[in-house]
Amino acid sequence: MQTLRTDVAIIGGGGAGLRAAMAAADTDPQLQVLVISKVYPMRSHTVAAEGGSAGVVGEDDSLDRHFADTVSGGDWLCDQDVVRYFVEHAAEEMYQLERWGCPWSRRPNGEINVRRFGGMSQPRTWFAADKTGFHMLHTLFQTSLKYPSISRLDEHQALDLVTSNGRVAGVVVYNQRDGYPVFVEAGAVVMATGGAGRVYAQNTNGSIVTGDGMAMAYRAGAPLRDMEFVQFHPTGLPGSGILITEGCRGEGGVLLNKDGYRYLQDYGLGPETPIGSPQNKYMELGPRDRLSQAFWHEQQAGRTISTPQGEAVHLDLRHLGRKYLEERLPMICHLAEQYVGIDPARDPIPVRPAVHYMNGGIETDVTTATSVPGLFAVGECASSGLHGANRLGSNSLAELVVLGKVAGQQAAALAAEDPVGASSSLRQEAQDIAATYLVMMGRGTEAPARIRRELGEALESGVGIFRTGDDMAATARTVRELKERYTQVQVVDTCPVYNTDWASTIELGAMLDVADVIVHSALRRQESRGSHTRLDGFTSRDDERFLAHTRAHFRASGVPEISYHPVTITTMPPAQRAYGAAGKTADAAAAPRNTEDQGAAQ
Amino acid sequence: MTESSHGHPGAGASAADGVQPVGATAEQPEPRPRRDGAAAGPEAGGTITLQVLRYRPDREDAPYLQDFEVPWRTETSVLDALTWVKDNLEPSLTFRWSCRMAICGSCGFMLNGEPKLGCESFVRDYAPGPLRIEPLANHAVERDLVVDLEPFMASLRAVQPYVISDDRHPVPEPGNRQTPEQMVAYGQYSQCINCMLCYAACPQVGLATDFLGPAAVTLAVRYNKDSRDHGADSRLPILDNEGGIWPCTFVGACSTVCPKGVDPAAAIQQAKGATAQAWAAEFILPHRGEGR
Amino acid sequence: MSTSTGARQEPTGAGRTGARSPGRMPAAETHRRPYRPTTKRTWFLANREYRAYALREVSSVVVGFFVFNLVVGLVCLHRGLESWQWWVSLQTNPLNLTLTVLAVVMSLVHATTWFQATPKIIRIQRGTRYVADFWVVAQHYLLLAVFAAVVYFWLGGL
Ligand SMILES: Cc1cc2nc3c(=O)[nH]c(=O)nc-3n(C[C@H](O)[C@H](O)[C@H](O)COP(=O)(O)OP(=O)(O)OC[C@H]3O[C@@H](n4cnc5c(N)ncnc54)[C@H](O)[C@@H]3O)c2cc1C
Ligand code: SF4
Ligand code: FES
């Protein structure tokens, strides 16, 4: 088998992976940095992010406010040392992107412009029209071409990590273009493989977002943390799930039910703000979980709109006018016209909640280190502790670069001080791993497309916007059954190059592992917090028992092993999480107490 | 580069003769009224024949077309139709895709001979069919609808697509100012999603193998026109080169097919203009070559 | 529908060594066997856009013939009356007449297609907008009209 040696191997060429690669190369230009990605980096799903990326600029805003918004938005499940580090470095990284050429939208005087975003008390979201992720990703990718020490394996799918005495020593990947496996030996490995939204039937994610990295790390012994917290975005297009950015509401878009009524005022997000003057944390600018839940209630009450692709509500942008829409939200206009045949300047857009983001992931600390030596994780695949039980919109893109940089630096430092030596036993292990995957080609009886569809439906019904013990238990059983069927999964295609039948079946394996963790983590959490909301008697937050991270460990047979560990709280003790008018009073009470204490890493 | 369960078009499929529905039997969702070949009304739908180019390097010496009968509805994109085939009829059918919202640039195909994004083209516009789906023209075919992108990746790297600063223009802290006017100067050229439709449309890409091609040149011009960049001199020898901008004979097809309104033809003509200017400046005032 | 040829071939093609890869190990053998389509010689007939392009290019050839004819005329004029009269008589030749008419048409084609293309070359930014293509094209027609008028009056004044 072909073997490559590198100092730092980064699995994933999205925003997080590319930022890590550049940071590693900057830390030590002598080191070889290798970016491995199953698609060309500019295809990574970061490209689809529309709204923007948070970073405090300007006099009206402060780091404390960003901190408080994030912690309360995360329903106090955030590790506050991480949040503190993050808010302190976010603007700096936005400026770094600026210097690299990112076309941030500007004010007439040439200064950075920021927009409002859900759950944020101040306008602090940097944006590049409504293609922020696209511009960030292309800027990062193009800038990475400048570095001679960064090389890439594009269209190489990572299969599994290789460990030696409990330390990660490399990864087995499959070269799709040439059609053979490769063993990449590395001094340090950074996992940056993105989310897993595809486990649900209705989602805003691309086909590549299948949780591969989460599953690889999990199998290698790293716990997955807080996986029950799955974020639903309130405004996806019915049917396709294509995202209609929160930026629409930040610019003043309003949500209407079948009667043309702004129903959010009935769900603790009011009082109604006048059309045309959106106010942070009120009404349409409440957090995502609350808005998705409100939709669910409206649907139960029969006040949603029936479309051929399912129930929906209306996102009304008409009052913004064509000129403004074309300047601020050009892509949204285009998407609405293409995919639902609607001109947002003339008609409201039908929208409904869809799975969007994994708040949980591979457990890391503020240095992005996982509990497995030699392995780092960053981006959506990681649970750094930043997002808690519910991520605020625009904190994720910022996290990619803030913690991506940390991951690159940490991995470079480790690789420099403790390189892994070549060993023939490792190569044998890598060979064996590759063989277990290759043997799947041309075998089996269970159609993967069917398992995938049933999995998506099972998760929608059991671990959706609202949850009950019975539904979750049923879904857990279904996932078990599907895992069982997966052992006989059928791969028809035997061609060695670009075998996407095989590749997507391996992804399905990862999705099953991730789904298993989601549902078991959810079952055990007997409270409602952030995006985990139960209807069966556990309808409120229970800090007594559950102010704790869920930790899921892999077990070769049976269900994941679930345990809890404490949340890091530095300056902002738990308080009530409230928005709208109620939020105003709650905010005053919950402001960070001791801002001198930086809550440094523990 | 994968498939998924998303976006199944609704109605009863019938495999074309001789196509083995592999795996589980083709899924038959609830039947819907068929209206073959109806124009795109709000509830149009029916079935269509896709003629998809197949080429498996381990089996065939040359490509051929394979027919698939596929159900569709108003909202069925060509990409949805292909994933339906992969999920229900032919798992080995291979094509790239990810975002299904026309932003990742993966899903360029030739649809009835025209380069298009599969996720942004709708079956309703090709009804009653047949619809011929082939890999992007002017590219080597790796397998089925997957083409070789390595030549483009090399061109991309060659044009130095990043901000180049120099000693005379230190980068201000914390960042640059850039007015909306200055952004407009390069804004359009920064919208490229690297989808390769323009390469498939450009006859010169097919004829002159070492042509940088529309998107790569556009990216060079994008940075040249960015007020934060000072690398035009460094990019000049790459553009002003036999394989640089000069193979372009201004057919203009690249701009016609571009799904993002990038207008690469304009970028190339402007690069030619700038190159000629630099050349004239050198001629009149030798070695002053300040480029910009 | 067509079927597979079924011929199973051993992969050809050499192993790719690390242009993109940092390794020192020999590359494994590739299974790549890309199919390389060739451009047809008649590609310029394939669609409307290519045909329009081909017409634009061909038009310059015809205009070239016409210019050549004029140059011959000048040379004849220089040589003396006899050869000038020969050239003038040549102009009434049906072949030459056809060529001249064709040249008029083609130079119009050439001019209009080029004018249509000029907005791509000449981009005038005003604030955050570009001057609309229409105006750039219109300017060219205006220039042409002015130029034609000047020539006309100059000739008329003779
Ligand atoms: C539609 C949409 C809009 C969003 N908008 C916003 C927003 O406005 N603001 C915000 O802050 N956040 C937003 N988000 C969230 C944010 O964009 C994502 O969380 C973030 O981009 C994830 O980046 P990443 O680098 O972690 O992963 P990705 O960009 O998904 O990259 C993952 C990389 O890993 C690679 N990879 C995966 N598996 C393998 C494997 N097995 N082998 C090899 N490589 C592999 C992939 O090829 C890819 O390169 C949005 C998300 C979506 C879906
Ligand atoms: S210029 Fe347009 S057609 Fe060409 S690659 Fe870029 S987006 Fe695609
Ligand atoms: S799938 Fe991303 S552009 Fe079509």
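The values are calculated or read from the model by the stated rules, or taken from the named source; none is laboratory data. All figures in this text were calculated on a predicted structure; none of them were measured in a lab. So basically every Cβ, Gly included, is an ideal-geometry build from the backbone, and we count neighbours across all protein chains shown. Protein only, heavy atoms only, side chains kept; ligands, DNA and RNA dropped before computing areas. Shrake-Rupley method; radii C 1.70, N 1.55, O 1.52, S 1.80 Å.
What FRET efficiency comes out for the pair residue A:323/residue B:207, r = Cβ-Cβ distance, R0 = 56 Å, nearest 0.05?
Numbers: r = 43 Å, r/R0 = 0.77.
It comes out at approximately 0.85.
For segment A:167-219 and segment B:142-170, compute the distance between their C-alpha centroids and round to whole Å.
Distance between centres, Cα-based: 25 Å.
Give me Rg/Rg_expected for segment C:80-158, where Rg uses Cα atoms only and Rg_expected = 2.2 N^0.38 Å with N residues.
Working: Rg = 19.2 Å, N = 79, 2.2 N^0.38 = 11.6 Å.
Compared with the compact-globule rule of thumb, segment C:80-158 sits at 1.66.
Roughly what angle does helix A:469-486 make with the longest principal axis of chain A, taking Cα atoms, 0 to 90 degrees, to the nearest 10?
Compared with the principal axis, the helix lies near 30 degrees.
Using only protein heavy atoms and a 1.4 angstrom probe, determine the accessible area buried between A and B, summed over both sides, in Å² to the nearest 100. Mind showing how you got there, number by number?
Working: alone 21340 and 15000 Å², together 29990 Å².
Approximately 6300 Å², summed over both chains.
Taking Cα pairs under 8 Å and at least six residues apart, what relative contact order does segment A:234-354 come out at, in percent? Intermediate results must be reported in sequence, preceding the final value.
Working: 192 pairs, mean separation 40.6, N = 121.
So the answer I get is 34 percent.
Restricted to Cα positions, what overall size does segment A:435-566 have along the principal axes? Three whole-Å values, descending.
Taking max minus min along each principal axis of the Cα atoms, segment A:435-566 gives 55, 27, 23 Å.
Any residues in segment A:33-60 that have 30 Å² or more less accessible area with all protein chains than in their chain alone, probe 1.4 Å, and which are they?
A:40, A:42, A:43, A:47
Rounding to the nearest 20 debye, state how big the charge dipole of segment B:112-156 is about its Cα centre with +1 on each Lys and Arg Cβ and -1 on each Asp and Glu Cβ.
My answer is approximately 180 debye.
Over all residues in C:110-117, what is the mean tally of Cβ atoms on other chains that come within 10 Å of each residue's Cβ?
Numbers: counts 0, 0, 0, 1, 1, 0, 1, 5.
Other-chain Cβ atoms within 10 Å of each residue's Cβ, averaged: 1.
What is the helix-to-structure angle for A:80-99, meaning the angle in degrees between its Cα long axis and the longest Cα principal axis of chain A, kept from 0 to 90 and rounded to the nearest 10?
90 degrees
According to a simple spin-label model (label point 7 Å from Cα along Cα-to-Cβ), what is the distance in nm between residue A:436 and residue B:284?
Between residue B:284 and residue A:436, the label points sit 7.2 nm apart.
Per residue of B:192-201, count partner chain C-beta atoms within 10 Å of its C-beta, then hand back the mean as an integer.
That works out to 2 on average.
If the reach is capped at under 12 angstrom between alpha carbons, list the aspartates and glutamates near residue A:281, excluding any in the same chain fewer than eight residues apart.
Filter leaves A:69, A:272, A:587.
For segment A:471-518 and segment A:399-461, compute the distance between their C-alpha centroids and round to whole Å.
After rounding, the separation between the Cα centres reads 14 Å.
Enter the mean number of other protein chain beta carbons within 10 Å of the beta carbon of each residue in B:57-67, as an integer.
Values: counts 14, 12, 8, 8, 5, 3, 3, 5, 2, 4, 2.
So the per-residue partner count for this stretch is 6.
Rounded to the nearest whole Å², what accessible area per residue is found for the protein assembly as shown with the 1.4 Å probe? If you can, show how the numbers build up before the last one.
Values: 39520 Å² over 1052 residues.
Spelled out: the 1.4 Å probe surface of the protein assembly as shown, per residue, equals 38 Å².
May I ask you to derive the relative contact order of segment A:435-566, considering only C-alpha pairs under 8 Å and at least 6 residues apart, and to give it as an integer percent?
Details: 171 pairs, mean separation 32.8, N = 132.
Computed value for segment A:435-566: 25 percent relative contact order.
Could you give the dipole magnitude of chain A about its Cα centre, charging the beta-carbon of Lys and Arg +1 and that of Asp and Glu -1, in debye to the nearest 20? Mind dumping the intermediate values first?
Numbers: 56 positive and 71 negative charges, 143 e Å.
So the dipole magnitude of chain A works out to roughly 680 debye.
Write down, largest first, the equivalent ellipsoid semi-axes of chain A in whole Å, where each equals the square root of 5 times an eigenvalue of the alpha-carbon gyration tensor. Don't jump to the answer; show the numbers that get you there.
Details: eigenvalues 258, 147, 115 Å².
Equivalent ellipsoid semi-axes, largest first: 36, 27, 24 Å.
Quick check: Cα centre of segment B:234-267 to Cα centre of segment A:340-394, how many Å?
If we compute the Cα centre of each part, the gap is 38 Å.
Along the charge dipole of segment B:111-256, which of B:220, B:118, B:247 sits closest to the positive end, that is, farthest toward it, with unit charges on the beta carbon of Lys, Arg, Asp and Glu (+1, +1, -1, -1)?
Farthest towards the positive pole: B:118.
Take peptides B:190-198, A:491-499, A:264-272 and line them up by average Cβ neighbours within 10 Å, highest first, as a rough protection proxy. Working shown, then result.
Working: B:190-198: 24.7, A:491-499: 22.4, A:264-272: 17.9.
Top to bottom by mean Cβ count within 10 Å: B:190-198, A:491-499, A:264-272.
Of the heavy-atom accessible surface of segment B:150-284 (probe 1.4 angstrom), what whole percent is carbon and sulfur? Before the final figure, lay out the partial values.
Working: 2940 of 5090 Å².
Whole-percent figure for carbon plus sulfur exposure: 58.
Angle, helix A:448-462 long axis vs. longest principal axis of chain A, Cα atoms, 0 to 90°, nearest 10?
Computed tilt is about 40 degrees.
May I ask you to derive the relative contact order of chain A, considering only C-alpha pairs under 8 Å and at least 6 residues apart, and to give it as an integer percent? Let's see the in-between values first.
Values: 1468 pairs, mean separation 132.7, N = 602.
Once divided by the residue count of chain A, the mean separation gives 22 percent.
Taking the Cα atoms of segment A:229-319, report the difference between the largest and smallest coordinate on each principal axis, in whole Å and largest first.
Projected onto the principal axes, the Cα atoms of segment A:229-319 cover 32, 31, 24 Å.
Treat each spin label as a single point 7 Å out from the Cα along the C-beta direction, and report the residue C:148 to residue A:265 distance in nm.
6.6 nm
Could you size up the charge dipole of segment A:234-354 around its Cα centre, putting +1 on the beta carbon of Lys and Arg and -1 on that of Asp and Glu, and report it in debye to the nearest 20? Spell out each step's value before the answer.
On the way: 13 positive and 15 negative charges, 18 e Å.
That gives a dipole near 80 debye.
Just the number, please: buried accessible area between C and B, total of both chains, 1.4 angstrom probe, nearest 100 square angstrom. Don't jump to the answer; show the numbers that get you there.
Numbers: alone 14110 and 15000 Å², together 25860 Å².
Buried area between the two chains comes out at roughly 3300 Å².
Taking 7 Å along the Cα-to-C-beta vector as the label spot, tell me the residue C:121-residue B:171 distance in nanometres, rounded to one decimal.
In this crude label model, residue C:121 to residue B:171 measures out at 3.8 nm.
Which Rg and Dmax, in Å, describe the Cα atoms of segment A:261-376?
According to the Cα coordinates of segment A:261-376, Rg and Dmax are 18.5, 56 Å.
Which positions within segment A:452-501 get 20 Å² or more of their accessible surface covered by the other protein chains, compared to the chain by itself, with a 1.4 angstrom probe?
A:452, A:453, A:490, A:492, A:493, A:494, A:495, A:496, A:497, A:498, A:500, A:501
Determine, for each peptide in A:469-478, A:43-52, the mean count of other beta carbons within 10 angstrom over its residues, then list the peptides with the highest first.
On the way: A:469-478: 17.7, A:43-52: 28.0.
For the peptides A:469-478, A:43-52, the packing ranking is A:43-52, A:469-478.
Of the options A:499, A:439, A:560, report the single residue whose Cα projects farthest towards the positive end of the charge dipole of segment A:435-566 (beta-carbon charges: Lys, Arg +1; Asp, Glu -1).
Selected residue: A:560.
Too long at a 21 Å Cα-Cα cut-off: which of A:258/A:584; A:405/B:225; A:131/A:258; A:146/B:260; B:225/C:120; B:225/B:260? Write out the running numbers ahead of the final one.
Details: A:258/A:584 30 Å; A:405/B:225 29 Å; A:131/A:258 30 Å; A:146/B:260 26 Å; B:225/C:120 15 Å; B:225/B:260 19 Å.
Cα-Cα > 21 Å for A:258/A:584; A:405/B:225; A:131/A:258; A:146/B:260; rest within.
Please report the orientation-averaged projected area of segment B:150-284, defined via the convex hull of its C-alpha atoms, in nm². Can you show the working numbers first?
On the way: hull surface 35.8 nm².
That works out to 9.0 nm², a quarter of the Cα hull's surface.
What order do B:189, A:95, A:85 take when sorted by accessible area (1.4 Å probe), most exposed first?
Details: B:189 5, A:95 50, A:85 70 Å².
Correct descending sequence by accessible area is A:85, A:95, B:189.
Calculate the translational D of the protein assembly as shown in whole µm² s⁻¹ from Stokes-Einstein, where the hydrodynamic radius comes from the Kirkwood formula applied to all Cα pairs, the temperature is 4 °C and the viscosity 1.567 mPa s. Walk me through the numbers on the way to the answer.
Values: Rh = 30.5 Å.
Here the translational diffusion coefficient equals 43 µm²/s.
For the ranges A:519-527, A:360-368, what's the packing order if you count other beta-carbon atoms within 10 Å of each residue, average per peptide, and put the highest first? Walk me through the intermediate numbers first.
Working: A:519-527: 21.6, A:360-368: 25.8.
Ranking, from highest mean packing down: A:360-368, A:519-527.
With the full set of protein chains in place, find how many percent of the accessible area of chain A is carbon and sulfur; take the probe as 1.4 Å.
Details: 8340 of 17520 Å².
Roughly 48 percent, rounded to a whole number.
For the pairing of chain A with chain C, what total accessible surface becomes buried, with a 1.4 angstrom probe, in square angstrom to the nearest 100? Intermediate values should be presented prior to the final figure.
Values: alone 21340 and 14110 Å², together 33970 Å².
Adding both sides of the contact gives about 1500 Å².
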